[in-house]
Amino acid sequence: MGILEAESYISVLVAFAILATAIFAFVNSLLYSAESYEAAGKLTKTTWCTILGIGVVLQFVPLGLFIINIALLVAALVYLTDVRPALGSLRRR
């Protein structure tokens, strides 16, 4: 296995991990009600679903939009680390 072949495999694994993260964040954002987003003091459900949905779609478009893909990955990570825990803490007990 050459270095270029190993680099190719690593690139595919990273791309798959980014896609999986974006899909998970998008699907998770659909599970909470719009009222939950407002109660948590975050952006609206429509806004988060739009941002994360665009992120998922653009992961499939090979246009070389590296900077945009990184920005949308950051948005997915912000959702997963900030918004999702805030929404989860509002669950009924």
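Can you give the FRET efficiency to the nearest 0.05 for V14 and L43, using r as the Cβ-Cβ distance and R₀ = 22 Å?
0.20
Once both axes come from the Cα atoms, what is the angle between helix 3-30 and the longest principal axis of the chain, in degrees from 0 to 90, rounded to 10?
Around 10 degrees separate the two axes.
Let me check I've understood the local charge: for V78, count other residues with C-beta under 12 angstrom from its C-beta, Lys and Arg +1, Asp and Glu -1. What total comes out?
Neighbourhood net charge equals +1.
May I have the convex hull volume per residue, in Å³, for the Cα set of the chain?
Value for the chain: 102 Å³ per residue.
Report the Cα-based extents of segment 52-93 along its three principal axes, largest first, to the nearest Å.
Largest first, segment 52-93 extends 46, 14, 8 Å along its Cα principal axes.
On the protein heavy atoms, probe 1.4 angstrom, tell me the percent of accessible surface of the chain carried by carbon and sulfur.
Answer for the chain is 70 percent, counting heavy atoms of protein chains only.
Please give the per residue accessible area of the chain, computed with a probe of 1.4 Å over protein heavy atoms only, in Å².
68 Å²
Quick one: angle between helix 66-78 and the longest Cα principal axis of the chain, in degrees between 0 and 90, rounded to 10, please.
With rounding to tens, the tilt is 40 degrees.
The values are calculated or read from the model by the stated rules, or taken from the named source; none is laboratory data. These numbers come from a predicted model, not from an experiment. Cβ atoms come from the backbone with ideal geometry, glycine included; neighbour counts cover every protein chain shown. Just so you know, the surface numbers come from the protein's heavy atoms only, side chains and all, with ligands and any DNA or RNA stripped out. Shrake-Rupley method; radii C 1.70, N 1.55, O 1.52, S 1.80 Å.
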